[in-house]
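Report on the structure given below.
The values are calculated or read from the model by the stated rules, or taken from the named source; none is laboratory data. Keep in mind it's a predicted model, so treat the numbers as computed, not measured. FYI the Cβ positions are ideal-geometry reconstructions off the backbone, even for glycines, and counts take in every protein chain you see. Accessible surface areas use protein heavy atoms only, side chains included; no ligands, DNA or RNA. Shrake-Rupley method; radii C 1.70, N 1.55, O 1.52, S 1.80 Å.
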Amino acid sequence: MPGALHRDESGQGAVELALVMPFLLLALIGSVQLALVHHAGQVAAGAAQEGARLAAGEGHSSAEGAERTRELLEAGLGTHAATFTVTAEERSGRIVLSASGHYPLFIPWVRDVAVPVEATSEVRGEGFRGGP
């Protein structure tokens, strides 16, 4: 009876795919989420740097730098920028601008979870001396 030991393997590929697919989807979703959180951090860092540079410029205020940071956050993060707090202050001739907030995760079955994102930039204020 050599034929009795031979099994039909026609559905083996489908079963293996069904076993592996959840792990592949989890890895894909996790990778995309990690990239989005990294992007949010880079947007926050760039916005804080640009706002601090503007505020440090001759004839500009820290409020203008904070407003520019807010504009860049909204341009880069869309509606998620509403969760960010922007602060700008002057410390001994330096402008310190901070942007901090929470970026929400979109992982299925996980609701109301957000990752904290913070960025700070410090720039020396411009100043020109007059006279010889």
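Probing with 1.4 Å while keeping every protein chain in the model, the per residue accessible area of the range 55-118 equals 61 Å². Recomputing Rg/Rh (Cα atoms, Kirkwood Rh) from the coordinates shown identifies the correct label among [x] 1.42; [y] 1.13; [z] 1.08 as [x].
What number comes out for the charge environment of R68, summing +1 per Lys or Arg and -1 per Asp or Glu over other residues with Cβ under 12 Å away? Could the numbers behind the result be given before it?
Details: positive: R53, R70; negative: E50, E64, E67, E71, E74.
Residues near R68 contribute -3 overall.
Round to the nearest 10 and give me the degree value, 0 to 90, for the angle of helix 62-77's Cα axis relative to the longest principal axis of the chain. Approximately 20 degrees, to the nearest 10.
Which percent of the accessible heavy-atom area of the range 17-132 goes to carbon and sulfur, probe 1.4 angstrom?
Numbers: 4440 of 7610 Å².
Of all accessible area on the range 17-132, carbon and sulfur atoms account for 58 percent.
Taking the longest Cα principal axis of the chain as reference, the axis of helix 12-56 is set at about 0 degrees.
Our summary gives the chain a relative contact order of 24 percent, counting only alpha carbon pairs under 8 angstrom and 6 or more residues apart.
Springs join every pair of Cα atoms under 10 Å in this Gaussian network model of the chain, and among Q42, Q33, Q12 the largest mean-square fluctuation is at Q12. Restricting the range 37-132 to chymotrypsin sites (Phe, Trp or Tyr not before Pro) that sit in a DSSP loop and have at most 15 other Cβ atoms within 10 Å of their own Cβ leaves F106, W109, F128. Exposure check, 1.4 Å probe, all protein chains in place: L105 carries approximately 40 Å² of accessible surface.
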